[in-house]
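Working notes, structure below.
The values are calculated or read from the model by the stated rules, or taken from the named source; none is laboratory data. None of the values given here were measured: they were computed from a predicted structure. Cβ sites come from the backbone with ideal geometry, for glycine too, and all protein chains shown count toward neighbours. The accessibility values were calculated without ligands, DNA or RNA, using every heavy atom of the protein model including side chains. Shrake-Rupley method; radii C 1.70, N 1.55, O 1.52, S 1.80 Å.
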Amino acid sequence: MKRLTQYSASIRSWLAGRYDIGAVEAFAEEQAHKPLPTHVGFWHTFGSLSLFLFLNQVVTGILLMIYYRPTVDTAFESVRFIITKAHFGWLIRGLHAWGATLMILCVLCHMLRTYFMGAYKKPREVTWILGVLIFGCTVTFGFTGYLLPWSQLSYWATVVGTEITGVIPFFGGYLKTLLRGGEGITGETLARFYVLHVVVLPWALTAFIAVHLFLMRVQGLATLERVGEEKPIPKGVGIPFFPHHVLKEGIVFCLLVAVLLTLIVGWPIELGEKANPLSTPVGIKPEWYFLPTYQLLKYFPKMIGLLVSLVPPLLLLLWPFLDRSPERHPKKRRVAVAIGITALALAIVFGVLGHISESTRSFRGQKYEFDMYSVPHRVQPGTHP
Ligand code: HEM
């Protein structure tokens, strides 16, 4: 420890002899000891957890690229090689695949936290809008990444997922062809999704996150005071960022790593069979975060369904300008809180309906077949299925 202190002191004096590091040190010192609002607790750790998971995706993604080959003939085999033969390949792929799911969960929790605490209100509207764009990029990451293993599930989920763009009037057909790189899902689609997944989205997300964090640091975290009545937090009153909040983040970070490793070892994500464009498997479903939209689309004619499914993201984007009340405290924003809870409940209900639709399940010894609208039908014993 003593040696470490000596080394860092020598590095510091080497740098100080060449650069004006005083300003940088003062800035770091100020940021580290910035007092945070007194309501800051564990809910405020989801932003950093999302950041950690994003970094995890970048590092494990780069490692996966060493062996992954994005062509129709090699994609599936290269992933199989990674998980069966490459050193710790199963772990790297597990960290990437489960990391994606946990990242979406953490981003969702962070979004709910900022929504319920009214943190999107003036002057943080742009931080919120960037957040919505970040969320869009995150799920697009999931969508493009799902095709890359070129398995039956990933192939057919992409067939269904890209089909919907064709419904858009006037330029829908063009958009679908642009996305697929032709009429069907082929090697062209795989190449496009790969470029989006490893070049376009990572850079876009990095830029959005950088500005998001910059704004958060410059404006500070929102208090629960009314808009326009926020007072600066005096030193000694708020929670010090270091070590108090950093310690809280450390605890949650360790828990997250434990959950991630448990999921990787206990529930490894199966690769399944290689894509076969000639055989459509039954019960093709998108990833869990698309299930609510997938189910919602079934209850409307295609065009109307598309318009209806565009309403939630648009509302999210414009929300800071639609909610004009100056209150931030959840107890004083009963309508906004009720809207948030209803939206969350609807997403969960549609997600569950999407999950059980087109499947057969047993309940108290009786078999039920759920149709595409998730309406259960009793299966008479001895009949199909
Ligand atoms: C990878 C994704 C994201 C990362 C890494 C990230 C990171 C962060 C961090 C570290 C903070 C400060 C601590 C905290 O409040 O947790 C923060 C604040 C904030 N974030 Fe995010 N965020 C992400 C996505 C989002 C999304 C999807 C939204 C909403 C749509 C959002 C909206 C906000 C807002 C409004 C604040 C200010 C909170 C306040 O002042 O109390 N963020 N973000």
PRE zone check, label point 7 Å out along Cα-to-Cβ of LYS302, amide N under 18 Å, scope the stretch 153-176, hits 156-176
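Taking 0.36 nm per residue of separation and subtracting the Cα-Cα distance, what length does fully extending LEU261 through LYS331 add? Kindly include the intermediate steps, with their values, before the conclusion.
Values: separation 70, 0.36 × 70 = 25.20 nm, distance 3.79 nm.
Roughly 21.4 nm would be gained on extension.
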Using θ = phi - 60° and the Karplus form 6.51 cos²θ - 1.76 cosθ + 1.60, what ³J(HN,Hα) does each residue of the stretch 87-93 get, whole Hz, x for Gly and Pro?
4, 6, x, 4, 6, 4, 5
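Just tell me the longest site-free run in the chain, where the sites are chymotrypsin sites (Phe, Trp or Tyr not before Pro) in a DSSP loop having at most 14 other beta-carbon atoms within 10 Å.
Numbers: sites that count: TYR19, PHE88, PHE170, PHE171, TYR299, TYR373.
Answer from the scan: 172-298.
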Hey, got a sec? Which GluC sites (Glu not before Pro) in the stretch 232-294 land in a DSSP loop and have at most 11 other Cβ atoms within 10 Å?
GLU270
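Can you give the longest run of the chain that contains no trypsin sites (Lys or Arg not before Pro) sitting in a DSSP loop with at most 16 other Cβ atoms inside 10 Å?
Working: sites that count: ARG18, LYS85, ARG226, LYS235, ARG324, ARG364.
Here the longest run is 86-225.
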Full-extension gain in nm, ARG324 to ARG69, via 0.36 nm per residue minus C-alpha separation:
86.7 nm
Calculate, for the stretch 33-297, the solvent-accessible area per residue in square angstrom, rolling a 1.4 angstrom probe over the heavy atoms of the protein chains.
51 Å²
If unit charges are put on Cβ atoms (+1 for Lys and Arg, -1 for Asp and Glu) and the dipole of the stretch 33-297 is taken about its Cα centre, the option from PRO169, TRP156, PHE54 lying farthest towards the positive end turns out to be PHE54
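Taking a 32 Å limit on the Cα-Cα distance, which of the listed pairs LYS121/LYS176; LYS121/LYS235; LYS34/LYS121; LYS34/LYS332 fall beyond it?
Working: LYS121/LYS176 37 Å; LYS121/LYS235 24 Å; LYS34/LYS121 22 Å; LYS34/LYS332 28 Å.
Violating the 32 Å Cα-Cα cut-off are LYS121/LYS176.
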Share of the chain's accessible area from carbon and sulfur, percent, 1.4 Å?
72 percent
The long-range amide H neighbours of LYS367, using H built 1.01 Å from N in the peptide plane and a cut-off of under 5 Å, are VAL379
Just to confirm the number: angle between the C-alpha axis of helix 152-163 and the first principal axis of the chain, 0 to 90 degrees, nearest 10?
80 degrees
